[in-house]
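Here is the structure we will look at, set down as structure tokens.
The values are calculated or read from the model by the stated rules, or taken from the named source; none is laboratory data. Just so it is clear, the structure is predicted and the values come from calculations on it, not from any experiment. Neighbour counts run over all protein chains shown; Cβ positions are idealised from the backbone, glycine included. Side chains included, ligands, DNA and RNA excluded: accessible areas come from the protein's heavy atoms. Shrake-Rupley method; radii C 1.70, N 1.55, O 1.52, S 1.80 Å.
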Amino acid sequence: MPKPTPFTLGKPPTAPRPSAPGARRLSFDSCAAAELDPAGESHAKEVTDEQVVQQLPEELRRQSLSGTLPVSLHTLRALQEQQSKREVMSSSDAKAARRKSAASAMLPRVFDTLRAMYGATGPAIKLYDEVVKQLTGSNKGASSAAEVEDQLAVLAAAAPEWLSLESNAEGKKIVRLRRKADVKAVRQKLVQMSGTRC
């Protein structure tokens, strides 16, 4: 983290430079701009001392300009950045990224459970609600029904050659398995996606 800009007692901070057209500006009341990394984590951008001072209440701003502010700008900036990170992590995009990451980590286990459920022979189609119920029960409470639905959606997107989510003639959602797929290659791909070793 870059060192904070020093403030001289009794000397007001240098006014921030005007933003370039279209550039984003940080606000104390709004979430700082953030980026999601592949792991689904969010990172709020750092703010400057000048921006911290601008967002202070009028009384605290006067104290800052006179050098009598009871809290250092470094501390205020750290608090603001923590608040921004909390707000970013609670955003819908961040929540969706975390849900997808959690579902991806379960892919090999869901794959193995589905293979056992469908067996080597017999119908390759099951009702979606039935599959969700069986998967939820097989995890012994480790996954909720909503989490299982996330896992099935991610699995269908990751391995469409093996599993697909469709609707039958009656309009009911079904889970179709394709036994002719190379299950060894499919599982290896899912293991790589999950970040696990088994």
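Scanning segment 153-188 for residues that are under 17 Å from Lys126 (Cα atoms), touching a helix residue (DSSP H, G or I) at 6+ places or on another chain (Cβ under 7 Å) and among the hydrophobic types (A, V, I, L, M, F, W, C) gives Leu155, Trp162, Leu163, Leu165, Ile174, Val175, Leu177.
Please find, within segment 117-130, the residue that is farthest from the chain's Cα centre (by Cα) out of those that are open to solvent by 50 Å² or more (accessible area, probe 1.4 Å) and modelled with pLDDT of 95 or more. Residue satisfying both the conditions and the ranking: Ile125.
Name every residue in segment 173-187 that is in a helix (DSSP H, G or I) and either over 15 Å from Val110 (Cβ atoms) or touching a Cys at 6+ places or on another chain (Cβ under 9 Å) (or both), in order of residue number.
Matches in segment 173-187: Lys184, Ala185.
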